[in-house]
Amino acid sequence: SCSFKAGGGNPIAENLLAIVSADGGSTCGGTCSVSGLEGPTWSDYARPQPPYERTSSFELGAAMMGGLGPYRLCWGANIAESDRAQIAAGNCTSVPYTLGTLDMRAYVRPDPFGSRPLSQCAKGAFCAINLQGYALPNGTTILAAPESGRGVTYTCNDLAGSQFAGFREFVLVNPGVSPFVRWPLQDEGDLTTNILMDMGQAVGMGSRHLCLCYGGLACNQPNRFKLDVGMMIIRSSLGDELFTCQMGTGANCTFQVRGKYLRENDTVAIARIDQECRTIFDLRNGVQDVTTMPFSIPVARARNVTNVIVNESEVSEDYIAEFNVGQVSFDGRYKVCYCASLDDADINDTTCDNGAEFSQDAGVLEIFRVLPEEFECALGRPCSISARGPRLLSTDRVLVDFGGPEICGDIGPREDNETGNVFIPLNAIDNVNYTSFNFYLRTLDRAGLWSMCYCASFDNNDEATCNYKLEYYQNLGPLIVRGPSVGVYPCIQQQSCSVSIAGFQLFDQDLVQICPFNATHACSGGELCASVGPEARTGLLSPLSANASVTTFDFGVVPIGSYSLCYCATGRNASHPTAISCAAASDLTMNAGELKVRGATPGQIHSCVEGSPCSFVVTGHGLAKTDHALLAPLDEECGNTTGVPNGTFIPSNVALTTQDTESSFGRPFAFELATTGGRFRVCYCVLANCSNHTDFVIEGGLLFVKGLEARPVEARCTLGQPCGVRTKGFGLNEVNDSI
């Protein structure tokens with residue numbers, strides 16, 4: 001129904017509003033043409049609706065026939081009923097005032113939430129959206145607006161640009177194209193119609209706002225789609241998911257599929273891993289391919305479909321549907337084909353009854369034969385594990401490699417004798433079904449989380465069993481290799497050294513000892529190491545504190561150099577088969593890494609000459625390009641001295657090591673000028689930021705600057721007699737010095 005309000009004037013019951021054509025020659029107050037609008041309730045004439053206030057309401061009814069576009073609104077003050085005949089005959093002198101224009105548009109029944117069945121499609125299938133409305137013209141076109149899904153504040157006026165690039169991430173035909181429009185009841189004066197808009201294949205998922213354009217060929221730019229007519233929805237599973245089930249437990253195989261707008265009538269079908277979902281089978285004709293699948297319910301409808309609500313203030317498009325495919329009789333990897341309540345592949349009105357209606361690949365279903373367990377081994381020691389499950393065979397294999405469960409199916413076999421990662425069952429007889437057997441693993445050389453991936457005599461690539469990574473998809477369980485991680489632990493000369501060793505399944509009964517550094521065979525001898533210094537803690541040391549991932553030890557003051565840290569991880573369970581007593585040096589065979597004590601070699605002597613540039617090299621261990629030297633009086637201690645007075649050495653009493661060498665065993669230092677002879681202490685800093693005199697705690701040796709302590713004002717001698725001058729200073733030499 002068409003109604004509107006007009007403001008101004010002093011309306012009375014005798015006023016009249018007439019609707020006439022806006023074509024050329026049709027004017028208010030002169031010759032006019034009838035509108036041509038028709039309908040059971042429509043009238044080209046309207047009088048003001050009481051109460052008669054400055055704003056008048058007009059009711060015109062519903063136009064069911066006539067052209068779209070503008071019409072003239074003609075106004076007259078005192079119009080009798082007899083004047084209507086004159087207006088209808090084309091004489092509009094009684095309505096001389098042009099009030100404005102009335103724009104007649106086609107009506108579209110909006111679907112604001114995409115809830116009508118014909119506003120929804122299934123991903124992977126052909127998509128047609130139904131527009132319901134009145135007087136929809138030929139050339140009507142709709143556009144699925146990008147990034148405008150449910151929960152997004154959006155209006156069609158937001159569309160911009162002159163190109164449709166990037167608009168086909170949701171449907172392949174966007175804008176959608178309408179066929180020739182038909183009005184079935186046109187002869188009865190009714191232009192009601194339904195239009196199926198061809199959107200091509202549905203390739204996205206979720207929802208999009210629909211924007212409409214009436215213009216036909218004029219609808220060639222996104223910014224011309226102004227009318228919001230609701231939403232469309234594409235229902236779909238997320239795809240690329242991994243589902244797992246365990247055979248031999250007596251329980252049915254159930255799993256959950258995530259997706260957008262899932263329904264109770266959605267259905268999954270289990271297919272071979274190499275099949276394309278839309279070609280799997282014809283459910284009406286004996287389900288020939290499905291019967292070969294080792295599932296008692298290979299085609300299953302959804303149950304317990306739930307909407308995933310993250311925020312109560314927002315509407316969620318995310319759903320989870322549960323499926324039960326029954327008992328499983330054989331392991332393997334299978335494709336899960338999904339039908340999003342689709343019915344478009346046959347004349348039957350039943351959804352998901354034809355293989356072509358399974359348009360989506362929801363993911364892979366992996367059936368496990370072995371029962372997952374947790375295992376533990378000791379670093380660097382032989383280890384054995386067991387596998388349990390139904391119908392285990394001598395041709396089964398287990399792959400053991402570093403990493404989490406995600407490596408199963410992603411890492412393939414290595415055949416190298418030393419680093420091989422595939423192991424065979426012990427004492428297994430061919431053609432005999434076992435429920436358990438053992439595997440003897442090689443010595444594992446890295447502490448941490450390993451994973452055991454099982455191949456149940458599976459052949460995925462039609463070559464041989466257990467020779468390809470995907471054949472090891474079954475996760476037998478995690479294997480924790482107990483022991484320390486190999487690390488480099490820095491300490492500073494003349495400072496107490498405390499080290500926190502990282503690792504796995506560590507314990508407060510663990511032990512460590514400091515041994516001579518050996519880069520290739522660290523800790524392999526298992527011998528009691530010699531003392532590393534009078535102040536260092538020696539022997540087998542217990543941790544100050546410990547948890548499963550870190551043990552902390554106090555080593556005292558350790559001389560400069562590199563050392564191997566030899567470790568024994570006893571195990572947190574003394575009754576575990578891999579537990580170690582850690583009672584003797586022979587038990588400390590695990591390499592925890594290198595202890596690197598940085599500093600300067602004790603007892604160094606450096607020399608310079610007064611009045612000249614002063615350069616020297618400090619030798620040591622672990623020295624770096626960031627090291628600094630501070631020159632201090634001989635009678636002051638490093639770490640407690642601020643250095644010699646300014647001007648003793650130019651430009652300062654502190655110098656950064658020169659940057660022309662990478663050596664970690666000797667760092668050169670250079671001062672522009674030594675102005676005063678004497679003996680000085682070299683204080684050394686190995687920190688990354690030597691900003692305070694208290695950072696210079698290391699003794700870098702003594703610096704002797706050769707020069708005179710005091711110069712005589714004059715020297716007196718007698719002409720013709722022997723003459724001598726007595727001097728006193730530092731570093732003077734009676735053989736080489738001269739005046």
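The values are calculated or read from the model by the stated rules, or taken from the named source; none is laboratory data. No experiment lies behind these values; they were computed from the predicted model shown. Note that each Cβ is placed from the backbone with ideal geometry, even for glycine, and that neighbours are counted across all protein chains shown. All accessible areas refer to the heavy atoms of the entire protein, side chains included, with ligands and DNA or RNA removed. Shrake-Rupley method; radii C 1.70, N 1.55, O 1.52, S 1.80 Å.
May I ask you to verify whether Thr578 is in contact (Cβ under 8 Å) with a residue 60 or more places away in the chain, touching a strand residue (DSSP E or B) at 6+ places or on another chain (Cβ under 9 Å), of a type in the set (S, T, N, Q) and closer than 11 Å to Leu506 by Cα?
The answer is no for Thr578.
Filtering region 649-681 down to residues that are assigned to a strand (DSSP E or B) and charged (D, E, K, R), which residue is surrounded by the most Cβ atoms within 10 Å (Cβ to Cβ)? Restricting to residues being assigned to a strand (DSSP E or B) and charged (D, E, K, R), the top hit is Arg667. In region 71-82, is there at least one residue being in contact with a Leu (Cβ under 9 Å, 6 or more places away or on another chain), outside any loop (DSSP other than H, G, I, E, B), among the hydroxyl-bearing types (Ser, Thr, Tyr) and open to solvent by 30 Å² or more (accessible area, probe 1.4 Å)? The answer is no, given that none of the residues of region 71-82 is in contact with a Leu (Cβ under 9 Å, 6 or more places away or on another chain), outside any loop (DSSP other than H, G, I, E, B), among the hydroxyl-bearing types (Ser, Thr, Tyr) and open to solvent by 30 Å² or more (accessible area, probe 1.4 Å). As a summary of the residue check, Phe553 satisfies the conditions (1) modelled with pLDDT under 95; (2) under 20 Å from Gln493 (Cβ atoms) except for the one numbered (1).
Scanning region 374-393 for residues that are assigned to a strand (DSSP E or B), among the aliphatic types (A, V, I, L, M) and either modelled with pLDDT of 95 or more or over 18 Å from Gln505 (Cβ atoms) (or both) yields Ala378, Ala387, Leu392. Return the residue satisfying two criteria in turn: it lies in region 450-469 and is of a type outside the set (Ser, Thr, Tyr) and under 21 Å from Ser384 (Cβ atoms), and of such residues it is nearest to the chain's Cα centre (by Cα). Only one residue tops the list, namely Trp450. The set of residues in region 391-412 that are over 33 Å from the mean Cα position of the chain (by Cα) and either surrounded by fewer than 18 Cβ atoms within 10 Å (Cβ to Cβ) or of a type in the set (Gly, Ala, Ser) (or both) comprises Arg391, Ser394, Thr395.
Residues in region 469-484 that are open to solvent by 10 Å² or more (accessible area, probe 1.4 Å) and outside any strand (DSSP E or B): Lys469, Leu470.
Results for (1) over 30 Å from Asp737 (Cβ atoms); (2) polar (S, T, N, Q); (3) in a strand (DSSP E or B); (4) in contact with a strand residue (DSSP E or B) (Cβ under 7 Å, 6 or more places away or on another chain), shown as yes or no for each residue.
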site	(1), (2), (3), (4)
Ala624	yes, no, no, no
Ala629	no, no, yes, yes
Asn640	yes, yes, no, no
Gly647	no, no, no, no
Cys683	no, no, yes, yes
Thr694	yes, yes, no, no
Cys717	no, no, no, no
Gly724	no, no, no, no
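Where residues in region 84-108 are within 19 Å of Arg47 (Cβ to Cβ) and of a type in the set (A, V, I, L, M, F, W, C), which of them is surrounded by the most Cβ atoms within 10 Å (Cβ to Cβ)? Restricting to residues being within 19 Å of Arg47 (Cβ to Cβ) and of a type in the set (A, V, I, L, M, F, W, C), the top hit is Val95. The residues of region 109-129 that are open to solvent by 60 Å² or more (accessible area, probe 1.4 Å) and modelled with pLDDT under 90, listed by number, are Arg109, Pro110, Pro112, Phe113, Ser115, Pro117, Leu118. The residues in region 394-447 that are among the small types (Gly, Ala, Ser) and not in a loop (DSSP other than H, G, I, E, B) can be counted, and the count is 1. Close contacts from region 508-531, counting a first residue that is at pLDDT 85 or above and a second that is in a loop (DSSP other than H, G, I, E, B) and hydroxyl-bearing (Ser, Thr, Tyr), with Cβ to Cβ under 6 Å and a gap of 6+ residues or different chains, come to Gln509/Thr570; Asp510/Thr570; Cys523/Thr589.
A single member of Phe704, Phe671 is over 60 Å from the mean Cα position of the chain (by Cα), under 30 Å from Val597 (Cβ atoms) and in contact (Cβ under 8 Å) with a residue 40 or more places away in the chain, and it is Phe704.
Could you go through region 366-373 and let me know if any residue there is part of a strand (DSSP E or B), open to solvent by 40 Å² or more (accessible area, probe 1.4 Å) and of a type in the set (Asp, Glu). Within region 366-373 (the criterion being part of a strand (DSSP E or B), open to solvent by 40 Å² or more (accessible area, probe 1.4 Å) and of a type in the set (Asp, Glu)), the answer is no, since none of the residues qualifies. Applying the set (1) part of a strand (DSSP E or B); (2) over 60 Å from the mean Cα position of the chain (by Cα); (3) aliphatic (A, V, I, L, M) to Val95 leaves exactly one unmet item: (1).
In the set (1) in a loop (DSSP other than H, G, I, E, B); (2) closer than 24 Å to Thr244 by Cα, Glu463 fails one condition alone, (2). Exactly one residue out of Phe437, Phe375 is in contact with a Pro (Cβ under 6 Å, 6 or more places away or on another chain) and among the hydrophobic types (A, V, I, L, M, F, W, C), and it is Phe437.
For Thr465, the conditions (1) under 26 Å from Thr249 (Cα atoms); (2) out of contact with any Asp or Glu (no Cβ under 7 Å at 6 or more places or on another chain); (3) open to solvent by 50 Å² or more (accessible area, probe 1.4 Å) all hold with the exception of (2).
For Val618, state whether it is at pLDDT 95 or above, β-branched (Val, Ile, Thr) and open to solvent by less than 10 Å² (accessible area, probe 1.4 Å). So Val618 fits the description; yes. For region 632-668, how many residues meet the condition of being more than 53 Å from the chain's Cα centre (by Cα) and closer than 25 Å to Gln495 by Cβ? Matching residues across region 632-668 total 8.
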